[in-house]
1. Answer yes or no as to whether V212 is surrounded by fewer than 19 Cβ atoms within 10 Å (Cβ to Cβ), in the same structural domain as F139 (by TED's automatic domain parsing) and under 23 Å from the mean Cα position of the chain (by Cα).
2. Taking region 111-142 only, how many residues are of a type in the set (A, V, I, L, M, F, W, C), surrounded by fewer than 15 Cβ atoms within 10 Å (Cβ to Cβ) and under 18 Å from the mean Cα position of the chain (by Cα)?
3. I'm checking my understanding of the structure. Among residues of region 47-69 that are free of Cβ contacts under 8 Å to residues at least 60 places away in the same chain and of a type in the set (V, I, T), which one is farthest from V199 (Cα to Cα)?
4. What are the residues in region 13-56 that are in contact with a Pro (Cβ under 9 Å, 6 or more places away or on another chain) and within 23 Å of A81 (Cβ to Cβ), if any?
5. Can you tell me which residue in region 94-110 is farthest from R63 (Cα to Cα), limited to those that are outside any strand (DSSP E or B) and within 20 Å of the chain's Cα centre (by Cα)?
6. For region 143-182, how many residues meet the condition of being more than 30 Å from D210 (Cα to Cα) and more than 22 Å from the chain's Cα centre (by Cα)?
7. Out of the residues in region 183-200 that are in a strand (DSSP E or B) and either within 26 Å of A281 (Cα to Cα) or free of Cβ contacts under 8 Å to residues at least 24 places away in the same chain (or both), state the one that is farthest from the chain's Cα centre (by Cα).
8. For region 277-284, does any single residue satisfy the condition of being outside the structural domain of Q143 (by TED's automatic domain parsing), in contact (Cβ under 8 Å) with a residue 12 or more places away in the chain and touching a helix residue (DSSP H, G or I) at 6+ places or on another chain (Cβ under 9 Å)?
Amino acid sequence: MKVLVIGGTLFVGRALVSSLAKAGHEVWIMHRQPKHDLGKRIGNIQADRNDVDAVKSALASHRFDVIYDNVYDAERGTTAAHVEAAARAAGDRLHRYVFLSSVGAYGDGLNHHEGDALAPDDHPDLYVRNKAMTERMLFRMHQRTGLPVVTLRPPYIYGKGNPYYREAFFWDRLRDNRSIILPGDGRRLMQFVLVNDLVDACLKVLEIPDTVGHAFNVANARPITQLEAVEAFARACGRELRIVRIPRDRLLKSGGHPMGPRLYFGYYFDLPAITMVVNKAQRVLKFKPVDFNQGLKDTYRWYSRNGAFPKPDYAFEDDVMAAAPVYVAEEF
């Protein structure tokens, strides 16, 4: 099939393009640059997906069987209108329009099933609001025009090539024999999915007829606590773990922020928990994710050879830990 990946040059997109090409599809990407480094077999369309007119013009001379809508503009936000423009420009030949959403679309809460209400249109978080509104728009299009949409809702994605300073945040500190700050009691829940498992789900929805018009939660089945996550990161790199527990309000008052620049627990990793149930993906997609510990070991091996993040600046963490001597490091 002729497949377009909107995005395609980062993390999930790169893995998806590679898998699609290996499966024998004719693969194109649409992104803002005039060229890419994905090889001569991969077609290139230059357009800013947030520019509605540019997207319409870029897609006017193409007809695709499948579109993977895989990119979100973190700086400007990607709205339902931006996604609708791509979906409408795709024509009437589509076999699938696969939208990569997020667990964040639920807004908050634990143990979400796909039929649960998504976040309201006035949710204060722009990312959450855009993902939820976009899904509602796509499913309305499905009902009214027959758009063969499928949405996937992953939680934290980890794996080779992760451009976000997440699991690598901990591995850098563990390799430098540093203590890890654990915010609060460390009991906030987190849920993960390996990038390869997410990509496998992306390909599965092409093959299975009953996926059209459905959303799928795609994740490791069991959420884990922040403490369990840190322990798993330490096991993956074979380093001793020492933690310093610091109240979350003290971290924030000291200038820490979940998104940086003063990170204290990995990029975006210290957020109120949102978790989901993955029974539907297991049943319909036969989704069987890699064990989290094994996935981390494989990811660490890649990172130890290819890690490219700048050398960390530990000044903020040193100051915070020095100001909280009562929280003694614990060994595991």
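1. Working: surrounded by fewer than 19 Cβ atoms within 10 Å (Cβ to Cβ): yes; in the same structural domain as F139 (by TED's automatic domain parsing): yes; under 23 Å from the mean Cα position of the chain (by Cα): yes.
Judged against the criteria, V212 is a match.
2. Qualifying residue count, region 111-142: 1.
3. Among those residues, the one meeting the criterion is V52.
4. Here is the first cut: in region 13-56, the residues in contact with a Pro (Cβ under 9 Å, 6 or more places away or on another chain) are 44, 46.
Selection gives Q46 alone.
5. Looking at residues that are outside any strand (DSSP E or B) and within 20 Å of the chain's Cα centre (by Cα), I get D108.
6. 10
7. Checked region 183-200; the qualifying residue farthest from the chain's Cα centre (by Cα) is L189.
8. yes
The values are calculated or read from the model by the stated rules, or taken from the named source; none is laboratory data. Please read all numbers here as calculations on a predicted model, not as lab measurements. Positions of Cβ are generated from backbone atoms using ideal geometry, with glycine treated the same way; all protein chains shown enter the neighbour counts.
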